[in-house]
Amino acid sequence: MKRRPWCALVGAGPGDPELLTLQALRLLRRATLILVDDLVGDGVLALALRGRRKPPRVLHVGKRGGCRSTPQAFIERLMVAEALAGERVVRLKGGDPFVFGRGGEEEAALRAHGIEVEVASGITAGLAAAHALGVPWTHRDHAHGVMLVTGHAREGGTGPDWPTLAAAAAQGLTLVIYMGITRLPDLQRGLLAALPGTTPAAVVQGVGTAGERQALTTLAALAADVAAQGFGSPAILVIGDVLRARAAGALALPRAA
Ligand code: SAH
């Protein structure tokens, strides 16, 4: 009997293979073809391949994987075609496939072709950053929620309304921003419309990777510090009083500029 075409969207977490779920590992070990995103840690892929008698084919489909910038439509077509041809396709994505990961679009494209889809969640970079900084995003002395926001407007679309988000952050919502580095000056200006310059801010680059770096500063100094210290993508920005909850009294916030 012919097997129903199958594909899995698997979250690789932020980089460290220890943070992979057992579900993710099980699906990876079923794969005959793995399509790997840019932000997936090498250790995760190594773990997926370890001890496989017949190793799966591996294709790097991210900007840094040789395909300068594989368009999303091409990746979706590839997943569909390979799954329909009988490959057990795993699309391995950084963090969680459903957090700024295009997982929803890919799942819809696959299902539209009658392909069975399984999704394994991963630890998203914005939550891994909480552990990297030693700050519980929802520490109840400082915050009653958390917002995961993109700093990057969709092509042709409008970006987030930073003053509105700042007003929410001022009510005790920790602001965790993905893809914010390139738009940082605009973003900072917008947030300062409703938040004091002394509001704690942090940047964490390469969470869960060997190159992880972080800095703690204030909203007023964030863009200047990020530029001066040469932070780059991938990085998470965090803004909110909750950063005062840093464990072990290690909070050495610079004074506001
Ligand atoms: N699905 C991913 C997010 C992809 S969007 C997840 O759930 O984590 C890409 C953005 O995610 C990057 O611009 C950066 O803001 C963030 N990001 C992904 N991996 C990261 C890492 N290891 N360290 C810091 N930020 C990361």
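The values are calculated or read from the model by the stated rules, or taken from the named source; none is laboratory data. Fair warning: this is a prediction, and the values are worked out from it, not measured in the lab. Cβ sites come from the backbone with ideal geometry, for glycine too, and all protein chains shown count toward neighbours. Heavy atoms of the whole protein, side chains included, go into the accessibility calculation; ligands, DNA and RNA do not. Shrake-Rupley method; radii C 1.70, N 1.55, O 1.52, S 1.80 Å.
Within the stretch 198-217, track down each residue that is touching a residue at least 60 places away in the same chain (Cβ under 8 Å) and in contact with an Asp or Glu (Cβ under 8 Å, 6 or more places away or on another chain).
Answer for the stretch 198-217, where residues must be touching a residue at least 60 places away in the same chain (Cβ under 8 Å) and in contact with an Asp or Glu (Cβ under 8 Å, 6 or more places away or on another chain): VAL204, GLY206, GLY208, THR209.
Name the single residue that is surrounded by the most Cβ atoms within 10 Å (Cβ to Cβ) among those in the stretch 135-170 being touching a Lys or Arg at 6+ places or on another chain (Cβ under 8 Å) and not aliphatic (A, V, I, L, M).
Of everything passing the filter in the stretch 135-170, TRP162 is surrounded by the most Cβ atoms within 10 Å (Cβ to Cβ).
Among the residues of the stretch 175-201, how many are within 16 Å of the chain's Cα centre (by Cα) and of a type in the set (Gly, Ala, Ser)?
1
Kindly indicate whether ALA210 is open to solvent by 20 Å² or more (accessible area, probe 1.4 Å) and in the same structural domain as GLY145 (by TED's automatic domain parsing).
Judged against the criteria, ALA210 is a match.
Provide a single number: the residues in the stretch 3-22 that are touching a residue at least 60 places away in the same chain (Cβ under 8 Å) and either more than 16 Å from the ligand (Cβ to nearest atom) or among the charged types (D, E, K, R) (or both).
Residues that pass the stated criteria total 6.
What tally of residues in the stretch 88-116 results from selecting those that are buried (at least 20 other Cβ atoms within 10 Å of the Cβ) and either farther than 12 Å from VAL10 by Cβ or not assigned by TED's automatic domain parsing to the domain that holds VAL40 (or both)?
3
Could you list, in sequence order, all residues of the stretch 226-243 that are buried (at least 24 other Cβ atoms within 10 Å of the Cβ) and assigned to a loop (DSSP other than H, G, I, E, B)?
Within the stretch 226-243, just GLY240 meets the criteria.
Which of the residues spanning the stretch 1-18 are farther than 17 Å from VAL119 by Cβ and either within 19 Å of the chain's Cα centre (by Cα) or modelled with pLDDT of 90 or more (or both)?
PRO14, GLY15, ASP16, PRO17, GLU18
In the stretch 59-76, which residue that is within 16 Å of LEU33 (Cβ to Cβ) and in a loop (DSSP other than H, G, I, E, B) is modelled with the lowest pLDDT?
Filtering the stretch 59-76 for residues that are within 16 Å of LEU33 (Cβ to Cβ) and in a loop (DSSP other than H, G, I, E, B), the one modelled with the lowest pLDDT comes out as CYS67.
Does the stretch 83-92 contain at least one residue that is within 12 Å of the ligand (Cβ to nearest atom) and either in contact (Cβ under 8 Å) with a residue 60 or more places away in the chain or part of a helix (DSSP H, G or I) (or both)?
yes
Restricting the search to the stretch 93-117, which residues are part of a helix (DSSP H, G or I) and within 16 Å of the ligand (Cβ to nearest atom)?
Listed by number, the residues that qualify are GLY103, GLY104, GLU105, GLU106, GLU107.
Within the stretch 28-53, which residues are touching a residue at least 12 places away in the same chain (Cβ under 8 Å), surrounded by fewer than 21 Cβ atoms within 10 Å (Cβ to Cβ) and either away from the ligand (no atom under 15 Å from the Cβ) or farther than 26 Å from ALA81 by Cβ (or both)?
Scanning the stretch 28-53 gives ARG29, ARG30, THR32, LEU33, GLY43, ALA46, LEU47, ARG52.
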